[in-house]
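The values are calculated or read from the model by the stated rules, or taken from the named source; none is laboratory data. Quick caveat, the model's predicted, so the values are computed rather than measured. Neighbour counts are summed over all protein chains in view; Cβ atoms, including those assigned to glycine, are modelled from backbone coordinates with ideal geometry.
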Amino acid sequence: MSLEEYKGVYVFAQQVDNEINSIAFELVGKGKDLAADLGTDVTAVLVGSGVRDLADQLAEYGADRVIVVDDPECKEYRTEPYAHALASVIKKFKPEIFLVGATAIGRDLGPRVSARIHTGLTADCTQLDIGDFPLNPVPGKEQKHNQLLMTRPAFGGNTIATIACPDFRPQMATVRPGVMQKKERVPGAKAEIVDFNPGFTPDDKYVEIMEVVKAVSDTVDIMDAKILVSGGRGVGSPENFKILEDLAEVIGGTVSCSRAVVDAGWKPKALQVGQTGKTVRPNVYFAIGISGAIQHLAGMEESDIIIAINKDETAPIFDVADYGIVGDLNKIVPALTEKLRAELAVK
Amino acid sequence: MKIVVCIKQVPDTKGGVKFKPDGTLDRAAMLTIMNPDDKAGLEAALRLKDQYGAEVTVITMGLPKAEDVLREALAMGADKAILVTDRVLGGADTWATSQTLAGAIRNLEYDLIITGRQAIDGDTAQVGPQISEHLNIPVISYAQKIKIDGDSVIVERQFDDRYHVLKAKMPCLITALAELNEPRYMTPGGIYDACKAEITVWGRANLADVDDSNLGLKGSPTQIAKASDKVRKGKGEKVNLDPAESVTYIVSKLKEKHVI
């Protein structure tokens with residue numbers, strides 16, 4: 001294959017229950033920056049059943065073109081029909097870059113597609129740039145220009161690596177949700193819509209969905225919260241999260257938690273911050289009774305202001321906290337709630 | 001029923017991360033463990049063995065010392081162990097790793113392949129789904145419950161706010177989460193037997209239907225441009241005050257930053 005045949009930045013526009021996931025708009029936003037550097041445009045690939053109407057939303061966030069794969073086989077996410085859809089789009093349209101969200105769906109779908117296409121896939125990227133590979137000229141090795149340089153944390157966030165995929169196309173990456181910025185929405189913006197159906201023939205790889213069980217939850221997405229009141233094992237019990245909930249209510253925040261709390265069954269997985277949970281960057285992050293394992297820090301250290309309360313003054317959370325308070329959370333948190341209640345009442 | 005479980009030996013990040021004087025990771029100084037998601041996958045296989053009867057084969061790709069995790073798996077109750085090791089396989093990315101493991105697994109009979117969702121050193125979660133693609137079988141990621149129903153497997157697959165109950169015809173590949181179960185301990189008898197057990201060692205020549213161009217560093221589509229230790233945000237202030245003063249301190253900072 002000739003690598004030059006591959007053109008354009010493509011992003012997978014993930015939807016669930018015909019609602020576009022925020023990651024799709026983030027990828028379109030980042031895709032615009034990359035496309036500008038390459039002098040090309042951004043195509044969103046929308047897969048589902050009865051999803052054609054959603055294409056305008058992608059246009060409003062900056063997509064130049066939307067390829068719609070609309071088929072009843074794609075109603076609920078299943079690995080095979082979705083992998084078939086994306087692999088077929090790649091074979092037909094030949095993108096040079098293909099981005100997928102590093103969501104539960106994207107991390108299942110991405111590897112299957114990249115293996116089918118025979119290209120590289122870089123997981124969980126937190127930064128994407130266009131540049132040269134190798135970064136600096138190396139004697140005897142061709143330096144390629146306009147390559148996608150994909151940066152990702154590894155080793156539980158201890159190291160950071162920049163990866164390229166110089167000899168295969170498309171250059172594929174999954175991108176952590178909450179890291180890239182959406183563009184300002186332009187109401188009424190339109191994109192070129194391309195309907196494409198590669199044909200779906202169910203076989204053994206089309207697993208059967210017997211049931212879809214939704215967790216009953218009315219919690220806000222912690223990735224959208226401006227203030228997070230996050231608790232760890234140090235909170236002591238599920239009941240004691242009440243003091244965090246009270247603080248969150250007074251200050252207009254949302255409660256989140258560490259992995260230990262989810263593992264103990266105190267809080268649902270949807271509230272988990274960290275490497276295997278969600279990446280958050282609120283204006284204020286209260287880390288209460290959280291020791292600060294590397295995996296946790298990887299998910300929250302980009303927060304604007306980090307306030308940590310922990311009785312162990314050697315806890316690693318203090319290494320990233322802007323304001324660290326060594327002390328008993330059971331005394332400090334309720335008193336803080338009362339003080340803030342009084343302060344805010346005066347205003 | 002025959003079950004193949006893919007496991008990986010990884011440095012233990014929990015026991016503290018060690019750095020060399022030049023700031024790079026000191027892997028040699030860190031303890032190694034069986035990757036937690038893989039261990040949950042092995043436990044799931046052993047439970048299926050207890051419940052339905054099965055032969056469990058563990059396989060790993062790595063340096064010769066990765067034999068340690070295979071012996072641990074045997075001591076937990078696995079029946080056979082295969083170490084895939086060869087200089088030409090080194091430096092592999094997920095594409096080349098999955099090609100290697102698929103090439104080894106093609107020599108085996110299997111109804112189920114279980115892998116961990118992801119390894120704690122790379123965190124990519126790619127090798128399991130890629131193996132399934134090379135072997136042209138269905139994949140079910142993030143299993144939280146597994147049961148057998150005739151020639152099919154029924155799996156609860158976890159997604160963010162929901163789970164799917166999926167039914168797939170075997171052979172099928174499943175990726176397991178550490179949350180799936182509490183892995184059993186090795187038994188004294190198991191350890192004794194595992195020390196004496198024979199481990200099958202395979203090299204490049206034993207891999208079926210894999211081209212050299214798909215193996216090792218040379219067969220890896222992704223290449224590292226740069227690797228460095230993460231630069232962390234500098235330390236802020238740390239205070240040790242009584243509760244009332246602590247509260248005053250926090251409120252003053254929130255005011256200073258215009259949060260309230």
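Does A:G234 satisfy the criteria of being over 22 Å from B:V259 (Cβ atoms), surrounded by fewer than 16 Cβ atoms within 10 Å (Cβ to Cβ) and assigned by TED's automatic domain parsing to the domain that holds A:I305? Write out each step before concluding.
Details: over 22 Å from B:V259 (Cβ atoms): yes; surrounded by fewer than 16 Cβ atoms within 10 Å (Cβ to Cβ): no; assigned by TED's automatic domain parsing to the domain that holds A:I305: yes.
No: the conditions fail for A:G234.
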Which members of the stretch A:42-57 meet the condition of being surrounded by fewer than 19 Cβ atoms within 10 Å (Cβ to Cβ) and in contact (Cβ under 8 Å) with a residue 24 or more places away in the chain?
A:S49, A:G50, A:R52, A:D56
Report those strands (runs of 3 or more DSSP E) wholly inside the stretch A:114-197 carrying at least 3 residues which are among the β-branched types (V, I, T).
A:159-164
In this structure, is A:G62 out of contact with any Pro (no Cβ under 9 Å at 6 or more places or on another chain) and under 29 Å from B:V155 (Cβ atoms)?
no
When you look at B:G216, is it surrounded by 17 or more Cβ atoms within 10 Å (Cβ to Cβ), over 25 Å from the mean Cα position of the chain (by Cα) and more than 30 Å from B:G53 (Cβ to Cβ), yes or no?
no
In the stretch B:157-189, which residues are within 21 Å of A:P111 (Cβ to Cβ) and without any contact (Cβ under 8 Å) to a residue 24 or more places away in the chain?
B:R157, B:Q158, B:F159, B:D160, B:Y163, B:H164
Among A:Y323, A:Y285, which is the only one that is closer than 19 Å to B:E256 by Cβ, among the aromatic types (F, W, Y) and more than 9 Å from every other protein chain (Cβ to nearest Cβ)?
A:Y285
Out of (1) part of a loop (DSSP other than H, G, I, E, B); (2) free of Cβ contacts under 8 Å to residues at least 40 places away in the same chain; (3) closer than 27 Å to B:V155 by Cα, the odd one out for A:P202 is which?
(2)
If B:V165 satisfies every condition in (1) within 22 Å of the chain's Cα centre (by Cα); (2) surrounded by fewer than 17 Cβ atoms within 10 Å (Cβ to Cβ); (3) under 30 Å from A:D17 (Cα atoms); (4) not hydroxyl-bearing (S, T, Y) but one, which is the exception?
(1)
Among the candidates B:T57, B:T115, B:T100, residue that is away from every other protein chain (no Cβ under 12 Å), in a strand (DSSP E or B) and either under 26 Å from B:N206 (Cβ atoms) or at pLDDT 95 or above (or both)
B:T57
Given the conditions (1) at the interface with another protein chain (Cβ under 8 Å from one of its Cβ atoms); (2) over 22 Å from B:Y52 (Cβ atoms), which single one is not true for B:V165?
(2)
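From the set of residues in the stretch B:113-129 that are free of Cβ contacts under 8 Å to residues at least 40 places away in the same chain and not β-branched (V, I, T), which is surrounded by the most Cβ atoms within 10 Å (Cβ to Cβ)?
First, pick out the residues of the stretch B:113-129 that are free of Cβ contacts under 8 Å to residues at least 40 places away in the same chain: B:122-124, B:126.
Among the residues that remain, those that are also not β-branched (V, I, T) are: B:122-123, B:126.
Numbers: B:G122: 21, B:D123: 22, B:Q126: 26.
Filtering first and then ranking leaves B:Q126.
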Only residues that are surrounded by fewer than 22 Cβ atoms within 10 Å (Cβ to Cβ), farther than 23 Å from B:P129 by Cβ and in contact with a Leu (Cβ under 7 Å, 6 or more places away or on another chain): list them for the stretch B:55-75, please.
B:E67
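One line per residue, one yes/no per condition, for (1) within 21 Å of A:A35 (Cβ to Cβ); (2) within 12 Å of another protein chain (Cβ to nearest Cβ); (3) out of contact with any Ser or Thr (no Cβ under 9 Å at 6 or more places or on another chain); (4) crowded, with 24+ Cβ neighbours inside 10 Å:
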site	(1), (2), (3), (4)
A:V68	yes, no, yes, no
A:K94	yes, no, yes, no
A:D129	yes, yes, no, no
A:K141	no, yes, yes, no
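Could you check, for the stretch B:175-188, whether at least one of its residues is more than 8 Å from chain A (Cβ to nearest Cβ), within 23 Å of the chain's Cα centre (by Cα), surrounded by 13 or more Cβ atoms within 10 Å (Cβ to Cβ) and assigned to a strand (DSSP E or B)? Step through it out loud before you land on a result.
Within the stretch B:175-188, the subset more than 8 Å from chain A (Cβ to nearest Cβ) is B:175-178, B:180-188.
Keeping just the survivors that are within 23 Å of the chain's Cα centre (by Cα) gives B:175-178, B:180-187.
Now restrict to residues that are surrounded by 13 or more Cβ atoms within 10 Å (Cβ to Cβ): B:175-178, B:180-181, B:183-184, B:186-187.
From what is left, the residues that are assigned to a strand (DSSP E or B) are B:175-176.
Within the stretch B:175-188 (the criterion being more than 8 Å from chain A (Cβ to nearest Cβ), within 23 Å of the chain's Cα centre (by Cα), surrounded by 13 or more Cβ atoms within 10 Å (Cβ to Cβ) and assigned to a strand (DSSP E or B)), the answer is yes, since at least one residue qualifies.
Restricting to the stretch A:152-199, and then to whatever is of a type in the set (D, E) and more than 9 Å from every other protein chain (Cβ to nearest Cβ), can you tell me which residue is surrounded by the fewest Cβ atoms within 10 Å (Cβ to Cβ)? Quick ask: steps written out before the conclusion?
Within the stretch A:152-199, the subset of a type in the set (D, E) is A:167, A:184, A:192, A:195.
Those left that are additionally more than 9 Å from every other protein chain (Cβ to nearest Cβ): A:184, A:192, A:195.
Details: A:E184: 9, A:E192: 13, A:D195: 11.
Here the residue is A:E184.
Could you pull out the residue among B:V210, B:V259 that is assigned to a loop (DSSP other than H, G, I, E, B), of a type in the set (V, I, T), surrounded by 17 or more Cβ atoms within 10 Å (Cβ to Cβ) and more than 8 Å from every other protein chain (Cβ to nearest Cβ)?
Working: B:V259 fails: more than 8 Å from every other protein chain (Cβ to nearest Cβ).
Only one candidate passes the filter, namely B:V210.
Matching residues to (1) under 18 Å from A:K190 (Cα atoms); (2) assigned to a loop (DSSP other than H, G, I, E, B); (3) of a type in the set (F, W, Y):
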{"position": "A:K7", "(1), (2), (3)": "no, yes, no"}
{"position": "A:A24", "(1), (2), (3)": "yes, no, no"}
{"position": "A:G29", "(1), (2), (3)": "yes, no, no"}
{"position": "A:V45", "(1), (2), (3)": "yes, no, no"}
{"position": "A:A55", "(1), (2), (3)": "yes, no, no"}
{"position": "A:L58", "(1), (2), (3)": "yes, no, no"}
{"position": "A:A83", "(1), (2), (3)": "no, no, no"}
{"position": "A:L86", "(1), (2), (3)": "no, no, no"}
Scan the stretch A:220-230 and give yes if some residue there is closer than 20 Å to B:P243 by Cβ and either surrounded by fewer than 24 Cβ atoms within 10 Å (Cβ to Cβ) or at the interface with another protein chain (Cβ under 8 Å from one of its Cβ atoms) (or both), otherwise no.
no
